[in-house]
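K.L.:
Dumping the structure here so I can ask a few things about it.
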Amino acid sequence: MKALAIDSASPVITFVAINEEKKASISLDIGMHQSEMILPSIEQVLSYVALTPKDLEFTALCLGPGTFTGLRLAFAALKAFSITNNIPVYAIPSLEAYAHPYLMWRGAVVSVIDAKKERFYASIFRNGKENTEPMDATLDEVLRYIDSEENVLVVGPDAELFAEMSLSAKPNLSITTFNTGFASCGFSLLEMANKKFLNKEKPLEEYQGPVYIRPSEAELSQKK
């Protein structure tokens, strides 16, 4: 596998590259300066595994939900790669990518991203399948989908925040979190996209963009 993935669904943007046995990742938490660093970071992470853009078999990114700016940056960068080098881009739903390594968990897997404004982007998985649609919900709304007697595994970039708030609201919940680092989702993106690539599934179309489940601030302002 020779591929590149970008996880930009959270404020920490992560670049992961793989060249057969060689793997590398870079994570940046630099706020508004991400746009300045996205192309240099792609070049750097590819150089770590001795790849150039022309060597890539495919690229992968988070489809959404997630941060508006981060998702747009990744889409713009990888679409440019696709057009210039004829490389397929595969978009993977963000919450599925975070949950992917843990789908054999016996209980509920809650995949979460802090959506700010006291809300979370969340989806719940059981027995290897997604049980809910991705939601933009309050803590209480997410907890309504969880049985107080089942084992709960919370994953994603804001798993610890969600678990802490959940235990504060419902101390009797059985909650576990795994902190595997920001690169974990990037490698999940590569694994899931590679399956699509090998199965010759249709990649992202040029006109397709991120999936948002919340109106942007600009859209809310226009409505007002």
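K.L.:
For the structure I just gave you, tell me whether LYS195 is at pLDDT 90 or above, exposed (fewer than 15 other Cβ atoms within 10 Å of the Cβ) and outside any helix (DSSP H, G or I).
P.N.:
Values: at pLDDT 90 or above: yes; exposed (fewer than 15 other Cβ atoms within 10 Å of the Cβ): yes; outside any helix (DSSP H, G or I): no.
Judged against the criteria, LYS195 is not a match.
K.L.:
What number goes with the only condition from (1) in a loop (DSSP other than H, G, I, E, B); (2) in contact with a strand residue (DSSP E or B) (Cβ under 9 Å, 6 or more places away or on another chain); (3) free of Cβ contacts under 8 Å to residues at least 40 places away in the same chain that LEU204 does not pass?
P.N.:
Going through (1) in a loop (DSSP other than H, G, I, E, B); (2) in contact with a strand residue (DSSP E or B) (Cβ under 9 Å, 6 or more places away or on another chain); (3) free of Cβ contacts under 8 Å to residues at least 40 places away in the same chain one by one, LEU204 breaks only (3).
K.L.:
Can you report the number of residues in region 90-117 which are closer than 17 Å to PRO11 by Cβ and open to solvent by 10 Å² or more (accessible area, probe 1.4 Å)?
P.N.:
4
K.L.:
Only one residue in GLU160, GLU150, GLU191 is farther than 28 Å from GLY70 by Cα and in contact (Cβ under 8 Å) with a residue 12 or more places away in the chain. Which one?
P.N.:
Numbers: GLU160 fails: farther than 28 Å from GLY70 by Cα; GLU191 fails: farther than 28 Å from GLY70 by Cα.
Criteria check complete, one pass: GLU150.
K.L.:
Something else about it: Restrict the check to region 16-23 and report whether at least one residue is over 17 Å from the mean Cα position of the chain (by Cα) and on the phi > 0 side of the Ramachandran plot. Explain how you work it out, then say what you get.
P.N.:
If we filter region 16-23 for residues that are over 17 Å from the mean Cα position of the chain (by Cα), which is where we start, we get 18-23.
Next, only the ones that are on the phi > 0 side of the Ramachandran plot stay: 20.
There is at least one residue in region 16-23 that is over 17 Å from the mean Cα position of the chain (by Cα) and on the phi > 0 side of the Ramachandran plot.
K.L.:
Might you check whether a residue that is in contact with a helix residue (DSSP H, G or I) (Cβ under 8 Å, 6 or more places away or on another chain), polar (S, T, N, Q), at negative phi and open to solvent by 60 Å² or more (accessible area, probe 1.4 Å) occurs anywhere in region 59-67? It would help to see each step written out before you state the result.
P.N.:
Within region 59-67, the subset in contact with a helix residue (DSSP H, G or I) (Cβ under 8 Å, 6 or more places away or on another chain) is 59-66.
Next cut, polar (S, T, N, Q) only: 59.
With the extra rule that they be at negative phi, the set shrinks to 59.
Adding the requirement that they be open to solvent by 60 Å² or more (accessible area, probe 1.4 Å) leaves none.
Checked against the condition, which is being in contact with a helix residue (DSSP H, G or I) (Cβ under 8 Å, 6 or more places away or on another chain), polar (S, T, N, Q), at negative phi and open to solvent by 60 Å² or more (accessible area, probe 1.4 Å), region 59-67 yields no hits at all.
K.L.:
Of the residues that sit in region 22-34 and are modelled with pLDDT under 95 and open to solvent by 70 Å² or more (accessible area, probe 1.4 Å), which one is nearest to THR84 (Cα to Cα)?
P.N.:
HIS33
K.L.:
Can I ask one more? Taking the condition outside any loop (DSSP other than H, G, I, E, B) and closer than 30 Å to LEU173 by Cα, does GLU96 pass? It would help to see each step written out before you state the result.
P.N.:
Numbers: outside any loop (DSSP other than H, G, I, E, B): yes; closer than 30 Å to LEU173 by Cα: yes.
So GLU96 fits the description; yes.
K.L.:
Would it be correct to say that GLN44 is more than 26 Å from LYS202 (Cα to Cα), part of a helix (DSSP H, G or I), touching a strand residue (DSSP E or B) at 6+ places or on another chain (Cβ under 9 Å) and modelled with pLDDT of 95 or more? Lay out the reasoning, then the answer.
P.N.:
Numbers: more than 26 Å from LYS202 (Cα to Cα): yes; part of a helix (DSSP H, G or I): yes; touching a strand residue (DSSP E or B) at 6+ places or on another chain (Cβ under 9 Å): yes; modelled with pLDDT of 95 or more: yes.
It is true that GLN44 is more than 26 Å from LYS202 (Cα to Cα), part of a helix (DSSP H, G or I), touching a strand residue (DSSP E or B) at 6+ places or on another chain (Cβ under 9 Å) and modelled with pLDDT of 95 or more.
K.L.:
On the basis of being of a type in the set (D, E, K, R), assigned to a strand (DSSP E or B) and either under 18 Å from SER10 (Cβ atoms) or without any contact (Cβ under 8 Å) to a residue 40 or more places away in the chain (or both), does ASP140 make the cut? Write out each step before concluding.
P.N.:
Numbers: of a type in the set (D, E, K, R): yes; assigned to a strand (DSSP E or B): no; either under 18 Å from SER10 (Cβ atoms) or without any contact (Cβ under 8 Å) to a residue 40 or more places away in the chain (or both): yes.
Taking the combined requirement at face value, the residue does not satisfy it.
K.L.:
Same structure again: If a residue must be outside any strand (DSSP E or B) and under 21 Å from the mean Cα position of the chain (by Cα), how many such residues does region 47-66 contain? Before the answer, list the steps.
P.N.:
Initial filter on region 47-66 (outside any strand (DSSP E or B)): 47-57, 65-66.
With the extra rule that they be under 21 Å from the mean Cα position of the chain (by Cα), the set shrinks to 56-57, 65-66.
Qualifying residue count, region 47-66: 4.
K.L.:
Residue check, ASN86 against (1) under 30 Å from ILE146 (Cα atoms); (2) at pLDDT below 95, all met but one. Which one?
P.N.:
(1)
K.L.:
For region 1-41, how many residues meet the condition of being among the aliphatic types (A, V, I, L, M) and in a helix (DSSP H, G or I)? Break it down stepwise before answering.
P.N.:
Initial filter on region 1-41 (among the aliphatic types (A, V, I, L, M)): 1, 3-6, 9, 12-13, 16-18, 24, 26, 28, 30, 32, 37-39.
If we keep only those that are in a helix (DSSP H, G or I) as well, we get 32, 37-39.
Summing the residues that are among the aliphatic types (A, V, I, L, M) and in a helix (DSSP H, G or I) in region 1-41 gives 4.
K.L.:
Can you find, within region 78-89, the residue that is farthest from LEU190 (Cα to Cα) among those that are touching a helix residue (DSSP H, G or I) at 6+ places or on another chain (Cβ under 7 Å) and open to solvent by less than 10 Å² (accessible area, probe 1.4 Å)?
P.N.:
The extreme case among them is ILE87.
K.L.:
One residue is enough: does region 179-195 have a residue meeting the conditions more than 25 Å from ALA3 (Cα to Cα) and among the polar types (S, T, N, Q)? Walk me through it before giving the result.
P.N.:
Filtering region 179-195 for residues more than 25 Å from ALA3 (Cα to Cα) gives none.
No: zero hits.
The values are calculated or read from the model by the stated rules, or taken from the named source; none is laboratory data. Because the structure is predicted, anything quoted here is derived from the model rather than measured. Here Cβ is always computed from backbone atoms with ideal geometry, including for glycine, and neighbour counts include all displayed protein chains. Note: accessible area is taken over every heavy atom of the protein model, side chains too, but ligands, DNA and RNA are not part of it. Shrake-Rupley method; radii C 1.70, N 1.55, O 1.52, S 1.80 Å.
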